[in-house]
Amino acid sequence: IGYWPSYSKLSPGERAAFLTWLDGGRSAPDAPISYVFLFFYGLERRVLVDARLDASHPDVALAAWEIRRLLGIYGDNGSFRSYSTSFLNLIDGFSARAVPLSPSEWSRLPRSWEVPITVRVALGRYMEAGHPIPPDWALLFLRTHPEGYLRTPASRRPAEFDALFRLRYQRKYGEGMVVSPPKATVQAHYHPASAGLRNEVHVSFGELPDIAAIPGPITSLRELGGECTDSLDPYSRYLGRYPDRAGSIAAAALLPDELLGSHGGADVDTLRRWVTALVTPGPKLVPVDELAVRWAPGGPGKLAKADVVAMAGLLGKLGVGLEPDVRFGGTTPPPGSTVVLFPLPEHAPAAPSPQYGAASVLVHMSAVVASADGSVSDEERRYLAQH
């Protein structure tokens, strides 16, 4: 059957096959896609012509449900997926004008050169009412905007990015950003697949303001999204290189602080309970070999400097300090040695300040000078300690 199928031009055998497909519940996955389009043309006419795109008409909701069902069977066909998702976008946009607002999963919405109508209508309602835009809707706007420009961490680790974005959006905007309504209003355009409905459909949503018409909101959200991808970059790169280590303690050590509790995994929870119980009375001597086993079960048992740096960072996020700390000039503890774990005070630094570095060098030099004669006197010790 040709690309633009028409029932009137089908042969008797083709008509019989089409009617058999209809009678069988429109579910045969190996049916020619032309039969699916023939039925889809009827749905377009029922919604656009018969129901006049009235969201309250019962057939509109039934048509949307049926299109989603067909997408689940025939969505691998790019042409059908494009037309059907665009049509659903139009129907859902009209429904969103009056129904309670509930954001969709962004991965289910079509990506194109414009923001989906459902998102624009929903955000238009928030602007129209003067209400703040909630985190989920802000994320949906950023994710579906053609100028969102999110980098690799957002696509490689979508769950972590979305969670981090919501947290930082709330921290920055509280209940959400409030956007002043622009003069531009939401308009929708749809190109019907049916040859019998050749003209493009133009739909107006009244005086509903269109957030996609102004650059300010997407610029602010894109900047926040960039900060989130920057924070996720080490974690994303690590799992890009070692995808089988997702959920490991080594991977969790690279997570932003805000995500450690929600995305750190079971091993981090176990480590948290162990170290918290360990240092609750105070500092504790621990064999470095035990830390190595907890860091990489079944590994070589030897911690490289990079491992100790990452471990110190992770322990710090759990409120526990490590000594010697290679980040502050300590040596990498060899196998068989011991380290000290201790409770960290609030807001403890994770890296040495320039002043700390200078003081450390001065103390080391003083120690060298003090021991140059082969011994260090009590007076010299007291002087260094006091300094």
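Miscellaneous remarks
- Candidate values (i) 62, 25, 16; (ii) 77, 30, 21; (iii) 47, 27, 19, label of the one derived for semi-axes √(5λ) of the Cα gyration tensor in Å: (i)
- 0 to 90° range, to nearest 10: angle between helix 135-144 axis and the chain longest Cα axis: 70
- Those lysines that a straight Cα-Cα span of less than 22 Å connects to residue 305, excepting residues fewer than 8 apart in one chain: 284, 317
- Heavy-atom surface of the range 234-327, accessible at 1.4 Å and reported per residue (Å²): 49
- Accessible area of the chain belonging to carbon and sulfur atoms, whole % at 1.4 Å probe: 55
- Nonlocal amide H pairs with residue 320, under 5 Å, H built at 1.01 Å: 344
- Cα gyration tensor category, rounded, prolate or oblate, for the range 272-332 with a/c compared to 1.5: oblate
- Unit charges on C-beta of K, R, D, E only; dipole of the chain, Debye: 720
- For the chain, the longest principal axis of the Cα atoms and the long axis of helix 354-370 meet at an angle of about 20 degrees.
- The chain - mean residue ellipticity at 222 nm from DSSP helices (-39,500 (n - 2.57) per run, n ≥ 4, rounded to 500): -16000 deg cm²/dmol
- Per-residue 3J(HN,Hα) values for the range 83-99, derived from phi via the Karplus relation 6.51 cos²θ - 1.76 cosθ + 1.60 with θ = phi - 60°, read 5, 5, 5, 5, 5, 4, 4, 5, 4, 5, x, 5, 5, 5, 5, 10, 7 Hz in sequence order (x marks Gly and Pro).
- Note that the range 30-41 has calculated 3J(HN,Hα) couplings of 9, 5, x, 5, 4, 5, 5, 5, 4, 5, 4, 4 Hz, one per residue in order, obtained from phi through the Karplus relation 6.51 cos²θ - 1.76 cosθ + 1.60 (θ = phi - 60°); glycine and proline are x.
- Other-chain or far-sequence residues with amide H under 5 Å of residue 177's (modelled H): 133
- Against the chain, whose longest principal axis comes from its Cα atoms, helix 158-173 is set at around 80 degrees.
- Computed over the chain: relative contact order in percent, which uses C-alpha pairs under 8 Å that are six or more apart: 10
- Computed over protein heavy atoms with a 1.4 angstrom probe, the accessible surface ordering of 295, 274, 113, largest first, is 113, 274, 295.
The values are calculated or read from the model by the stated rules, or taken from the named source; none is laboratory data. These figures come from a predicted structure and were not determined experimentally. All Cβ positions, glycine included, derive from the backbone under ideal geometry; neighbour counts span all protein chains shown. Surface accessibility is based on the protein's heavy atoms, side chains included, excluding ligands, DNA and RNA. Shrake-Rupley method; radii C 1.70, N 1.55, O 1.52, S 1.80 Å.
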